[in-house]
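*Asks:* For reference, the structure I am asking about is given below.
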Amino acid sequence: MLSSTLNKALNDQIVMEAYASSYYLSLASWCDQKGFPGTAAFFYAQAEEEREHMMKIFMFVNENEGQAISPGVNEPPADFENVGQCFEIALGHEKKVTASINNIMKLAREENDFRTMNLMQWFVDEQLEEETQMQLIIDKLKLIGDNGVGLYMLDGEMAERAATKEEEEE
Ligand SMILES: [Fe+2]
Ligand SMILES: [Fe+2]
């Protein structure tokens, strides 16, 4: 059975994942409107993924005799400066999520809650993947600068990434 400390920490994480999903949806919408359909597709896929993360924790809490709370979500910003800023925001948010996951792992360890540790290990790996991915795109965007052709090509690459993501999920 989950301790009340871990139940609370996991419910807070549910809120964070829900907010991440909503934030990615906002980034997707902006990219869609500004003529970056590939990047939009990528962020739409990210939004789906964050929703899955949320549900993974949600179901875990209830399966372990805790009480999962359906989160209220704050409205994320809707306007951004450029594609580069979108990815900087994404990476910044992923880093916050990583810190939060690490903290839950620490709490679970102190309580010898091996099930929660196991769940958190999955998230530790997932966070590494997400941060690496965002950093890679940011590095590319730095090379491209505001070169239109470069941005156009990167958008095509993002469309491919989004398609691969969907295939992986099927
Ligand atoms: Fe997540
Ligand atoms: Fe994420």
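Any read-out appearing in this document is the output of simple, stated calculations on the displayed coordinates, not a laboratory observation. Computed from a predicted structure; not experimentally measured. Don't worry about glycine lacking a Cβ; one is built from the backbone with ideal geometry, like all the others, and counts go over all protein chains shown.
*Asks:* Quick one: what do you get for the chain if you divide its Cα Rg by 2.2 N^0.38 Å?
*Replies:* Values: Rg = 17.2 Å, N = 170, 2.2 N^0.38 = 15.5 Å.
Normalised Cα radius of gyration, the chain: 1.11.
*Asks:* Further question on the same structure: At 0.36 nm per residue, minus the direct Cα-Cα distance, what do E48 and K140 gain on full extension? Give it in nm, one decimal, please. Walk me through the numbers on the way to the answer.
*Replies:* Working: separation 92, 0.36 × 92 = 33.12 nm, distance 2.43 nm.
Gain on stretching E48 to K140: 30.7 nm.
*Asks:* Let me ask something else. If neighbour count is taken as other Cβ atoms inside 10 Å, put T5, T132 in order from fewest to most.
*Replies:* Ascending number of Cβ neighbours within 10 Å: T132, T5.
*Asks:* Could you size up the charge dipole of the chain around its Cα centre, putting +1 on the beta carbon of Lys and Arg and -1 on that of Asp and Glu, and report it in debye to the nearest 20?
*Replies:* Working: 13 positive and 32 negative charges, 103 e Å.
Using Cβ point charges on Lys, Arg, Asp and Glu, the chain gives about 500 debye.
*Asks:* Work out how much length N118 to M153 would gain on full extension: take 0.36 nm times their residue separation and subtract the Cα-Cα distance, in nm to one decimal.
*Replies:* Length difference between fully extended and current span is 8.6 nm.
*Asks:* Report the label-to-label distance for M59 and T132 in nanometres (one decimal), using points 7 Å from each Cα along the Cα→Cβ vector.
*Replies:* 2.6
*Asks:* Relative to the longest principal axis of the C-alpha atoms of the chain, give the angle of the C-alpha long axis of helix 148-169, reported between 0 and 90° and rounded to the nearest 10°.
*Replies:* That helix lies at roughly 40 degrees to the long axis.
*Asks:* Among the GluC sites (Glu not before Pro) within segment 1-103, which fall in a DSSP loop and have no more than 11 other Cβ atoms within 10 Å of their own Cβ?
*Replies:* E65, E81
*Asks:* Taking only C-alpha pairs under 8 Å that are 6+ residues apart, what is the relative contact order of the chain in percent?
*Replies:* Relative CO of the chain lands at 30 percent.
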